[in-house]
Amino acid sequence: MKTKMPEILSFISEEAVSRKMTSEEIAVHFGYDKHHFSRKFKEINGFSIAEFLSSLKVEKAIFELDEEKRILDLQERSGFESSGSFTNTFKKYTGSSPKEYKTKMSELFDDMKRFETDDKDQSIAHFEEKSQSFCTVTIEVPAGFELGIVFIGLFRTLIPNHMPISGLATKNLIGNKLKNIPNGDYYLLACGISRSTNVLSYFNLGNSLRGKEDERLSFPNCSGNHYTIKLREPIPEDPPILVNVGKLLISRLKNTI
């Protein structure tokens, strides 16, 4: 099943969500028993198929937030069965309800552009608690990429659908330090957002460059280590990036003023 996983992930991203398929229907499509499929899927990917499907639906809703659609329309188009499950899942993964997210997009975009062009602030850190553990990260981007902001974070799962344990929004490619990392096992993920005048480009990160450290990192054992992440174009089997970088960045920036 591991060798077929890229095909399975691509199918779920490109077909299953739009067809509103259940995890059982996806398992049958690939010739697997539901329980065996669900167990192996999580074992291979580090996240459940239910979490992957929900995250993809939220990503689809974010993609359409800038269009003049009612929240009910967004719920139906993104594949949620009820407004309650849509709102609760959306808020769980982004930190805001769909209505709040849509209302704040323009304001956050203006603040992010100011950060992007301001020479004073080169990076803004986010962390959940004080700790002595840290790591440093170098980011490599493809030639010709017009960098706006890089976001680097340590997450509990390979789907960045929650606030990072330790994160950094930065305009630097070298010397990036993630600090205050509590003891535990985390995935090191990064995405690169290009300069843009499109509000949605800073919130729907489906087209952003991304990269990761292949192995899960264990702290404090990995404290002091240096990692290099090469950012690349997204591919269909990539999990969605749902963390609200704008909200994370601006809330931390305003708390330091």
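Counting only strands (runs of 3 or more DSSP E) that sit completely within the stretch 192-239, those holding 2 or more residues that are under 15 Å from I159 (Cβ atoms) correspond to 209-212. For the stretch 124-168, filtered to residues that are of a type in the set (D, E, K, R) and not in a strand (DSSP E or B), the residue that is most open to solvent (accessible area, probe 1.4 Å) is K130. With the requirement that a residue be without any contact (Cβ under 8 Å) to a residue 60 or more places away in the chain, of a type in the set (A, V, I, L, M) and either in a helix (DSSP H, G or I) or exposed (fewer than 13 other Cβ atoms within 10 Å of the Cβ) (or both), what does the stretch 9-43 give you? The answer is I12, A16, I26, A27, V28. Within the stretch 193-205, is there a residue that is of a type in the set (V, I, T) and open to solvent by less than 30 Å² (accessible area, probe 1.4 Å)? For the stretch 193-205, residues of a type in the set (V, I, T) and open to solvent by less than 30 Å² (accessible area, probe 1.4 Å): present.
Is at least one residue of the stretch 199-211 of a type in the set (K, R) and at pLDDT below 90?
The answer is no, given that none of the residues of the stretch 199-211 is of a type in the set (K, R) and at pLDDT below 90.
Taken together, the residues in the stretch 169-183 that are open to solvent by less than 10 Å² (accessible area, probe 1.4 Å), in a strand (DSSP E or B) and free of Cβ contacts under 8 Å to residues at least 60 places away in the same chain amount to 3.
The values are calculated or read from the model by the stated rules, or taken from the named source; none is laboratory data. Predicted model, so just to flag it, every value in this text is computed and none were measured. Backbone-built Cβ (ideal geometry, glycine too); neighbour counts: all protein chains shown. These area figures cover heavy atoms from the full protein model, side chains too; ligands, DNA and RNA do not enter into them. Shrake-Rupley method; radii C 1.70, N 1.55, O 1.52, S 1.80 Å.
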